[in-house]
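Participant: Once you've had a glance at the structure underneath, I'll fire off some questions.
The values are calculated or read from the model by the stated rules, or taken from the named source; none is laboratory data. Computed from a predicted model, the values in this text were never measured in an experiment. Reconstructed Cβ throughout: ideal geometry from the backbone, glycine too, with neighbour counts over all protein chains shown. Only protein heavy atoms, including side chains, enter the accessible area calculation; ligands, DNA and RNA are left aside. Shrake-Rupley method; radii C 1.70, N 1.55, O 1.52, S 1.80 Å.
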Amino acid sequence: MKPFFKCIMMIVFASAGISLYAKGNWGADRTKTYAFETGHTGNVTGIIADSNGKAFFSCGKDGSVIKWSENGSCEKYQISSYEITSMAKNPSGTDFVIAETDGNEMNSITVFDWGTLTKKFSKRFSEKITGIAYSQRGKYLFVSSQGVSSYYILDAKTGVVLKQIGDISSPISLAKTGASEKSAVFYLPAGKLVYYNLVNFGRFKRIDTEASLSQPTLLNMNKYLAAEKNGFIYIIDAMTGKSVNRTAAKLPIILGCEESDTVLYYIEKDGKSATYLKSINVEDSFKTETIGQIELKSDSEVIRCAAKVSGAFVLGSSEGNVFKVNAKNLSDGAEKISKNGYSKVVDLCSKEDGSVYFIAGKNVYKGSYNSKDIELVASNVNQTNISAYKNNFILWTNNSAQTIQYLNTETNKVSTLFAPKAKIKNLNVCGDKLVYVQGTSSVYSHDVDSGAKKLLYTGTSVESAVLSGDTLYVAKALVGLTDSSFVRVNTKTKETVPLLKRGFSSCTLCLDPSSASNHIFGIVLHDENNAKSSDVFDYDPVAKTTKILFSTCGNDFKVFVASKGSEVFTNLGKNFISSYNNENGDVLVYRRGTSVPSKIELLANGKIAVVNEDGSISWYEKANRSPVSQWYLVTSNAEEGSLAQWKVF
């Protein structure tokens, strides 16, 4: 049997002898107000009402959760770098649980306190999570995943597994308890309704019923189970398992019910564009009523999820938008309450004078922390990455064969350096040269002044490379038992020396040329005995020694490492930024903003700028471990870049 979860995330500071669990104040500062009116990026995957019945929450493919107030304003907080597939709120308090996945091996739940934006615990599962739910008073947390014996009852406060149910061999798609929390009813897509004793954790009744039902919900004091299957909505007697009604419905979205509800609402798409709100009254001979047509004013936008909130209906779309519909005034159409008013900053770099150059949309802008003024430097460059070269910049696009460009900051002119013959990744500026991986196997250098190109190394699954003098350092995948994922290459003799004995792959190398020690920092990934982990390592080229600075459970290729002087920074663990001082061994932890950090820029004036996954910028000062401000870019025209300004929190 596979273990159901692999580890609680842990950061280990090896040299300092400190173990820091990713728990506690890793979130945004609750003393600040982060008010948004923006929706999600990509699909909205879930909507649930708040316990007060007026506010509601949405989650999405972008890994964020948004709380929407009654007046339409909202608080947005990115919980994960991965898709959130579902969420549930503890009925007693402000705790939330989300299920997240990368669509492959990374499947986990995270419980956090919305009131303080603090993480309480996380658990990783070996299979995709199929359902999460709290008991009626919030004592238990139910988690179901694919596979055999894959249903778990957790202590909702601590995450301790109270019971792994071994006598239920199918995933569970519905769990509901009564107010006493002494018993629960489960629906299994295998065609079973199971009544379970939560006092002694034993099954006391199992009923055969319709199999392969989806979107199950209980209503009318748990008398009926409603669900969808093959173009029909079934109403099942929850005590006998017998179907008492079946209503035709094309690709319906069923709105979850409260215990006392006697009317089931659902949304049905009829044809290519027509969408209708309908209902079934279980106390009026299962009468079906078409309440009216819902219009989104966009044929390409599709409703993905919906919920009933305070007498209205809230819809989440494929475009990340959130709509509200009043059943009494459907002729008014769906009111769009989300606004996409921000332009996403995708990368940022700085000059010695403290000014920053950043990419948003297709354009390059210039700004600074002190003035907050924004200057459009270059338009329609259509790049995603910017790297400092002396007092100018290199513009490029990761995982693309797009032309590499040079931005002269005195003239604001953009010129072409060269066109790669294949996709490049992890371009690094090393002195007068650009060092980049072309394709998956070749490392090249490009001399900016002369234009000379040189092949430095050929290997397998190369991820990153940096050049120090005549020595090339390469991060790559492991090939064979005697190979290494991090190697040193003499570019004159081609002698290759393995530097790491452990790890199946390395990535994200960095080298700070301003540091006299020329230490190399990077990420190494492990997968040993079915336990995945990631390390930030520090290689000393003089002593020829490697030490591990930070470690965490799980593999993540998207972690950054940056160094300046004696300090190295990383977002390993994703929900905070950690730094290690090589001179005195000091370890500092910086709280993140409302989004997950994706890149860090260490400015000459001591300021720290962090680009977040949602396109915002968080600013830090070394004396303050929380963001001193968070900036969102607002443009009147995201493509043309006119009238750009910051919205500052």
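Participant: Show the residues, 5+ positions off or on another chain, whose built amide H is closer than 5 Å to the amide H of THR275.
Facilitator: Result for THR275 returns ASP270, ILE294.
Participant: Take the Cα of ASP483, step 7 Å along the line toward its Cβ, and report every residue of the stretch 422-459 whose backbone nitrogen sits under 14 Å from that point.
Facilitator: In the stretch 422-459, the label zone of ASP483 (backbone N under 14 Å from the point 7 Å along Cα→Cβ) covers 440-442, 458-459.
Participant: While we're here: List the chymotrypsin sites (Phe, Trp or Tyr not before Pro) within the stretch 540-628 that fall in a DSSP loop (any state other than H, G, I, E or B) and whose Cβ has at most 16 other Cβ atoms within 10 Å. The partial results should precede the final answer.
Facilitator: On the way: sites: PHE550, PHE557, PHE560, PHE569, PHE576, TYR580, TYR590, TRP619, TYR620; in loops: PHE557, PHE560.
Those that pass, being in a loop and sparsely packed, are PHE557.
Participant: Sorting THR275, THR130 by accessible area (1.4 Å probe), largest first, what list results? Show your work: numbers first, answer last.
Facilitator: Working: THR275 20, THR130 60 Å².
Largest to smallest exposure gives the sequence THR130, THR275.
Participant: Now a separate question. With Rg and the Kirkwood Rh both taken from Cα atoms, where does Rg over Rh land for the stretch 200-291?
Facilitator: 1.01
Participant: What distance in nm separates the two pseudo spin-label positions at LYS453 and LYS421, each 7 Å out from Cα along the beta-carbon direction?
Facilitator: Distance between label points: 0.7 nm.
Participant: Now a separate question. State in Å² the accessible area per residue of the stretch 219-323; use a 1.4 Å probe, count heavy atoms of protein chains only, and round to the nearest integer. Intermediate values should be presented prior to the final figure.
Facilitator: Values: 4860 Å² over 105 residues.
Accessible area per residue, the stretch 219-323: 46 Å².
Participant: I've got another one for you. Residue farthest toward the positive end of the dipole of the stretch 235-357, with Cβ of Lys/Arg at +1 and Asp/Glu at -1: which of TYR276, CYS257, SER350?
Facilitator: Going by the Cα projections, it comes out as TYR276.
Participant: Hey, another quick one. Cβ under 11 Å from ASP614's Cβ, ASP614 left aside: what net charge do those residues give with Lys, Arg +1 and Asp, Glu -1? Write out the running numbers ahead of the final one.
Facilitator: Numbers: positive: LYS76, LYS344; negative: ASP62, GLU613.
In short, 0.
Participant: List the residues, sorted by chain then number, that are 5 or more residues from LYS344 or on another chain and whose placed amide H is less than 5 Å from its amide H.
Facilitator: GLY361
Participant: Apply 1/(1 + (r/R0)^6) to the Cβ-Cβ distance of SER387 and SER300, taking R0 = 35 Å, and write down the FRET efficiency to the nearest 0.05.
Facilitator: On the way: r = 36 Å, r/R0 = 1.04.
Efficiency, from the Cβ-Cβ distance: 0.45.
Participant: State the percentage of accessible surface on the chain attributable to carbon and sulfur atoms; use a 1.4 Å probe and exclude ligands, DNA and RNA. List each step's numbers first, then the result.
Facilitator: Working: 12570 of 27070 Å².
C and S fraction of accessible area: 46 percent.
Participant: When the C-alpha atoms of the stretch 312-359 are aligned to their principal axes, what extent does each axis show, in angstrom, from largest down?
Facilitator: Dimensions of the stretch 312-359 along the principal axes of its Cα atoms: 61, 17, 13 Å.
Participant: Please give the solvent-accessible surface of THR41 in Å², to the nearest 10, using a probe radius of 1.4 Å with every protein chain present.
Facilitator: Accessible surface of THR41 is approximately 100 Å².
Participant: If DNA, RNA and ligands are ignored and the probe is 1.4 Å, what is the ranking of LYS89, LYS453 by accessible area, most exposed first? List each step's numbers first, then the result.
Facilitator: Numbers: LYS89 35, LYS453 100 Å².
The ranking, largest first, comes out as LYS453, LYS89.
Participant: Round to a whole angstrom and tell me the spacing of the C-alpha centers of the stretch 504-558 and the stretch 346-415.
Facilitator: When both Cα centres are located, 28 Å separates them.
Participant: Using a 1.4 Å probe, how large is the accessible area of THR482, given in Å² and rounded to the nearest 10?
Facilitator: Estimated to the nearest 10 Å², THR482 gives 130 Å².
Participant: Which length gain, in nm to one decimal place, applies between SER331 and ASN624 when the Cα-Cα distance is subtracted from 0.36 nm times their residue separation?
Facilitator: Working: separation 293, 0.36 × 293 = 105.48 nm, distance 5.23 nm.
Roughly 100.3 nm would be gained on extension.
Participant: Provide the per-residue ³J(HN,Hα) series for the stretch 569-585, in order, calculated from phi with Karplus coefficients 6.51, -1.76, 1.60 and θ = phi - 60°, each as a whole number of Hz, with x at glycine and proline positions.
Facilitator: Computed from phi, the couplings for the stretch 569-585 are 10, 8, 9, 4, x, 6, 9, 6, 10, 10, 10, 10, 9, 5, 7, 10, x Hz.
Participant: Which distance in nm do the two modelled labels at PHE286 and ARG206 give, with both placed 7 Å along the Cα-to-Cβ direction?
Facilitator: 2.7
Participant: Could you please report the charge total around GLY565, scoring K, R as +1 and D, E as -1 over all other residues with beta-carbon less than 11 angstrom from its beta-carbon? Let's see the in-between values first.
Facilitator: Numbers: positive: LYS564; negative: ASP512, GLU567, GLU583.
Net local charge, GLY565 excluded: -2.
Participant: Taking the Cα centre as origin and putting +1 on Lys and Arg beta-carbons and -1 on Asp and Glu beta-carbons, what dipole magnitude results for the chain, to the nearest 20 debye? Intermediate values should be presented prior to the final figure.
Facilitator: Working: 73 positive and 63 negative charges, 205 e Å.
In total the dipole reaches around 980 debye.
Participant: Rounded, prolate or oblate: which one fits the chain, using the alpha carbon gyration tensor with axes a ≥ b ≥ c (rounded when a/c is under 1.5, else prolate when a/b beats b/c, else oblate)? Show your work: numbers first, answer last.
Facilitator: Details: a/c = 2.22, a/b = 1.64, b/c = 1.35.
Prolate is the answer for the chain, as a/c is 1.5 or above and a/b outweighs b/c.
Participant: Taking θ = phi - 60°, what integer Hz values does the Karplus form 6.51 cos²θ - 1.76 cosθ + 1.60 yield along the stretch 387-400, in sequence order, with x for Gly and Pro?
Facilitator: Rounded to whole hertz, the list is 10, 6, 10, 6, 9, 10, 9, 9, 10, 7, 10, 5, 6, 8.
Participant: With a 1.4 Å probe and every protein chain left in place, tell me how much accessible area SER300 has, in Å² to the nearest 10.
Facilitator: Rounded to the nearest 10, that gives 80 Å².
Participant: Once you order the gyration tensor axes a ≥ b ≥ c over the Cα atoms, which shape class does the stretch 516-591 get: rounded for a/c under 1.5, otherwise prolate or oblate by comparing a/b with b/c?
Facilitator: On the way: a/c = 2.22, a/b = 1.32, b/c = 1.69.
Oblate is the answer for the stretch 516-591, as a/c is 1.5 or above yet b/c matches or exceeds a/b.
Participant: What's the local net charge at ARG246, with K and R +1, D and E -1, over the other residues with C-beta under 10 Å away?
Facilitator: Working: positive: LYS229; negative: GLU210.
Once all neighbours under 10 Å are counted, the net charge is 0.
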